[in-house]
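Encoded as structure tokens, the structure appears first; notes follow it.
The values are calculated or read from the model by the stated rules, or taken from the named source; none is laboratory data. The structure displayed is predicted, hence computed values, not measured ones. Here the Cβ is made from the backbone with ideal geometry for all residues, glycine too, and neighbour counts use every protein chain on show. Only protein heavy atoms, including side chains, enter the accessible area calculation; ligands, DNA and RNA are left aside. Shrake-Rupley method; radii C 1.70, N 1.55, O 1.52, S 1.80 Å.
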Number of protein chains: 2
Amino acid sequence: MSELVGNLLVAQSGGPTAVINASVAGVITEAGRHGCIEEIYGGRNGILGILNEELLDLGDEKRAAIEGLRHTPAAALGTCRYKIDFKKKPEKAAKDMDRLFEVFAAHNIRYFFYAGGNDSQDTSHKIHEEAVKRGYEMRVIGVPKTIDNDLPHTDNCPGYGSVIKYNATTVMEVGIDVGSMATDDGSCCIIEVMGRSAGWIAAGTVLAKRGNPASPPHIILLPEVPFEEDKFLAKVKETVAAYKYCIVVVGEGIKDTDGHEVGADKTRLDAFGHAVLAGAAEELKEVIQGRMNLKTRTVLLSYAQRAAAHFASGTDAKNAFACGEAAVKVAVEGQSGFMVKIVRKARPEGGIEWSTGLQPLGDIANVEHFVPKDWISEDGFMVNEKFVEYARPLIEGEVRVPTEGGLPKYITLEKSPVEKKLPPRA
Amino acid sequence: MSELVGNLLVAQSGGPTAVINASVAGVITEAGRHGCIEEIYGGRNGILGILNEELLDLGDEKRAAIEGLRHTPAAALGTCRYKIDFKKKPEKAAKDMDRLFEVFAAHNIRYFFYAGGNDSQDTSHKIHEEAVKRGYEMRVIGVPKTIDNDLPHTDNCPGYGSVIKYNATTVMEVGIDVGSMATDDGSCCIIEVMGRSAGWIAAGTVLAKRGNPASPPHIILLPEVPFEEDKFLAKVKETVAAYKYCIVVVGEGIKDTDGHEVGADKTRLDAFGHAVLAGAAEELKEVIQGRMNLKTRTVLLSYAQRAAAHFASGTDAKNAFACGEAAVKVAVEGQSGFMVKIVRKARPEGGIEWSTGLQPLGDIANVEHFVPKDWISEDGFMVNEKFVEYARPLIEGEVRVPTEGGLPKYITLEKSPVEKKLPPRA
């Protein structure tokens, strides 16, 4: 494989995570090790910024800022929810693709890395195929990123370990709080977590139990298990009878037996046409208070859970960085059209040896990966030891975040714009 | 003052905090230094447990457990929302008081410490007065505790520094997240925090700005300022025009100009007759989406904020411990009928020298302390430099929390019950 000389472009897409910047730091760090990579550019707000020729000169950033990306949450380059939709809007998509390649050519982009979830891997896949079709020599590698953990083929997705570490900690803390207030009147607290139609995030809070059945969470409602109100209320009642309180974790995307989302606000759709979900806990609270007269409070962590870099997983941050590094390494070696995946290998002496591998983007795009049925308890209200064995290593280790005046010290990039060479996007 | 020999009883009341156990650790530690204190007991679930003669033998706890209380959230002894209500239920209150003194006498309780907020200081005050009236020699000292920071006369209340440190961190993190997604469409995120009718907790999130007007939070809605929908929407619009996104922090107890709570669920009251509040953010979201068509998401931290010991304030935890120590010290010296207060003294070389003082319980009970008018910005949507100067030192320093498998390692007490000597409560 001949050496490909040119510029690198990295961009971030979709919902941010606590460690997506660590992947960008990995890309930049590794890029610095290869002479064939001339300039290192970032796309402002993902594909949307690239379409607008808004490129950032990452070579201009201070070394300390790149290092600081390893503990700074959210998308330092900016992100977007823009989708190049070949199915529903083929003409607009074709136009977008033309524009992208105009930008790539104008800036001699020969390495393109896109960190994102399902939709973004689809975008990378399309760009790779177009590059091949157009005979434009460019290496395209997807970098996995999603708190939802629903990408197939990778052991886990960067962002997931951190979100479940923070959420499990929150469940522990809220559980101790509610438990310490528990009297014979009983009480219930419902904690709603993200994850859309996959239950990985909700399931991950099982780690708060640390093997003790009496410890919270007492009930985990997974989108993978159809919600049945009567069975749920019976389980809450049983739990309060045993422990005087009940901590419920609910995935935002739970559906009833007819497939309707519980508490979904169906009037609003995001740019990908998905319903905006944020009402399951409130809906359940009303059900419990209405039918059981049990004092119930809700916690809606929302964005706080995916941005909580002050208590991110060391393992997750390391893997995220490694994914960025690996993407550049394999691209320089000549690969294109793959997503980096995380590979787990149990060490004979105990512990996990993490490494990276490659999976064709065509295998990833728009495939959703759910919590396996045999990792869910028989009654459907908990995950079992198989899940715990999977998830436990993902939250190990801490990320040292410097503080200033008692608050975390996160970095912001300079974001020097790269001079535009094209007329504005039509 | 003659030495008073006998047993000590400490109990916790009201909503837990991240550092209320640090105060109990202070009480136990200091008690161990005085020979006149024979047994160290805890009341299970506050006054309610004492009425039921449910005492715990804290002398039986391991030294490491007492040390662990300094970083363990919630009420390790259990807490309650039980009120001895002399005004509304005088007969029941008199009966309760008789029973309390039966329990005190049966167990030779000569030192009584109650950690709590306004209502609990009122309870301590009544118990002190009753002891004097009955000629039962007992020293009663209130230990301040409330995340709401609404106790008068003390510089701040243990629990407050930790809640605003965590909330300001969350606002920073959510702010970076939402900001990194901000495109020309604009977006809004509303973070609801606790504090009931006082705005201290909401105001404390101003620290997330670190002096930068462009940084979140962009709007803080305090219960001290009547909510006006049109002015609020104009401010959101102005903010989104300037920064493409808007982070709003709202205190749960905000009221409109008619004095009606915004988003209160008026159908439910707690044991003290206060309305259960948990709907302001959702209400504001509906207003914004309905009248501005701006994508808006909410975060409801609820119990998570007051239990977040994984990122508590070192200053707060130290002051909480000092309050517990001071309570025992002054009681042994002969004082009774006071609450320990926290005193701030600016060091000439910079920084704060924290100490404790005493305030008669009669000055504290049922007096609410609000954010001063001249600490609030002219437009009512922010607090000013005076507030920042007050709050900044309260979040300084971290508490070292040990971890195990990636999660905080909190302790639980053995809670050996003290043998009962009385017939059950009638």
If you scale each eigenvalue of the Cα gyration tensor by 5 and take the root, what three semi-axes come out for region B:246-396, rounded to whole angstrom and sorted largest first?
36, 21, 16
Measure off 7 Å from each Cα along the Cα-to-Cβ vector at B:ARG347 and B:GLU414, then give the distance between these two points in nanometres to one decimal.
4.0
Given charges at beta-carbon only (K, R positive; D, E negative), |dipole| of chain A in Debye
460
Rg and Dmax [Cα atoms of region A:312-384; Å; Rg one decimal, Dmax integer]
16.0, 50
The Cα radius of gyration of the protein assembly as shown, divided by 2.2 N^0.38 Å with N its residue count, comes to 0.99
Theoretical FRET efficiency, 1/(1+(r/R0)^6), r = Cβ-Cβ of B:ASP60 and B:GLU378, R0 60 Å, to 0.05:
0.55
Regarding region B:282-341, what is the average projected area of its C-alpha convex hull, in nm²?
7.2
Taking placed amide H atoms and a strict 5 Å upper bound, the residues 5 or more places from B:CYS246 or on another chain that come that close are B:SER187, B:CYS188, B:CYS189
Can you give me the distance in nm between label points at B:LYS88 and A:ASP230, each placed 7 Å from the Cα along the Cα-to-Cβ direction?
3.8
Under the Kirkwood approximation applied to all pairs of distinct alpha-carbon atoms, what is the hydrodynamic radius of region B:142-192 in Å?
13.1
Among B:PHE387, B:GLY35, B:ALA94, the residue whose Cα sits farthest towards the positive end of the charge dipole of the protein assembly as shown (+1 at Cβ of Lys and Arg, -1 at Cβ of Asp and Glu, taken about the Cα centre) is B:GLY35
Using 7 Å Cα-to-Cβ label points, what is the B:GLU404/B:ASP185 separation (nm, one decimal)?
4.6
Filtered hits (lysines, Cα-Cα < 17 Å from B:LYS231, offset >= 8 within chain) -> B:LYS255, B:LYS285
Place a label point 7 angstrom from the Cα of A:ALA214 along the Cα-to-Cβ direction, then list the residues of region A:173-196 whose backbone nitrogen is under 19 Å away.
A:173-189
Reduced Cα scattering model of region A:20-130, Debye log10 I(q)/I(0), q = 0.09, 0.11, 0.17, 0.19 Å⁻¹
-0.24, -0.36, -0.85, -1.05
Could you work out the mean count of beta carbons from other protein chains within 10 Å of each residue's beta carbon in B:286-295?
1
Enumerate the lysines that A:LYS421 could reach by cross-link, defined here as Cα to Cα under 30 Å, with residues fewer than 8 away along the same chain left out.
A:LYS62, A:LYS83, A:LYS89, A:LYS92, A:LYS95, A:LYS126, A:LYS133, A:LYS329, B:LYS244
Tell me the mean residue ellipticity at 222 nm calculated for chain B from its helices only (DSSP H runs of n ≥ 4, each -39500 (n - 2.57), averaged over every residue, nearest 500).
-10500 deg cm²/dmol
If eta is 1.306 mPa s and T is 10 °C, what Stokes-Einstein diffusion coefficient results for region A:74-134, Kirkwood Rh from Cα pairs, in µm²/s?
127
For region B:117-271, count the residues as N, evaluate 2.2 N^0.38 Å, and divide the Cα radius of gyration by that value, please.
1.32
Candidate cut points under GluC sites (Glu not before Pro) in region A:94-144, DSSP loop plus at most 15 other Cβ atoms within 10 Å of their own Cβ, are A:GLU137
What accessible area, summed over both chains, is buried at the B-A interface (1.4 Å probe, Å², nearest 100)?
5200
More than 13 angstrom separation, counting every C-alpha pair in region A:1-72; what % is that?
67
Here the whole-number average of other chain Cβ atoms within 10 Å per Cβ of B:67-74 is 2
For region A:43-94, which trypsin sites (Lys or Arg not before Pro) are both in a DSSP coil and crowded by at most 12 other Cβ atoms within 10 Å?
A:LYS62, A:LYS87, A:LYS88
Hull surface divided by four, with the convex hull built on the Cα atoms of region A:337-425: how many nm²?
13.0
Check each of the GluC sites (Glu not before Pro) in region B:279-367 and keep only those in coil by DSSP with at most 16 other C-beta atoms within 10 angstrom; list them in order.
B:GLU333, B:GLU349
Helix A:20-31 sits at what angle to the longest principal axis of chain A, using alpha carbons and giving 0 to 90 degrees rounded to 10?
30
Of B:MET138, A:HIS125, A:VAL328, which is farthest along the charge dipole of the protein assembly as shown in the positive direction, counting Lys and Arg as +1 and Asp and Glu as -1 at C-beta?
A:VAL328
On the accessible surface of the protein assembly as shown, probed at 1.4 Å with all protein chains in place, carbon and sulfur together account for a percent value of 48
Note down the magnitude of the dipole of the protein assembly as shown about its Cα centre, charges +1 on Lys and Arg C-beta and -1 on Asp and Glu C-beta and zero elsewhere, to the nearest 20 debye.
400
Using the heavy atoms of the protein chains and a 1.4 angstrom probe, tell me the accessible area per residue for region A:1-144 in square angstrom.
34
So if I restrict to the alpha-carbon atoms in chain B, what is the Rg, and what is Dmax, the biggest pairwise distance, in Å?
22.5, 74
Ignore the peptide's own chain and count Cβ atoms of other chains within 10 Å of each Cβ in B:406-413; give me the average, rounded.
5
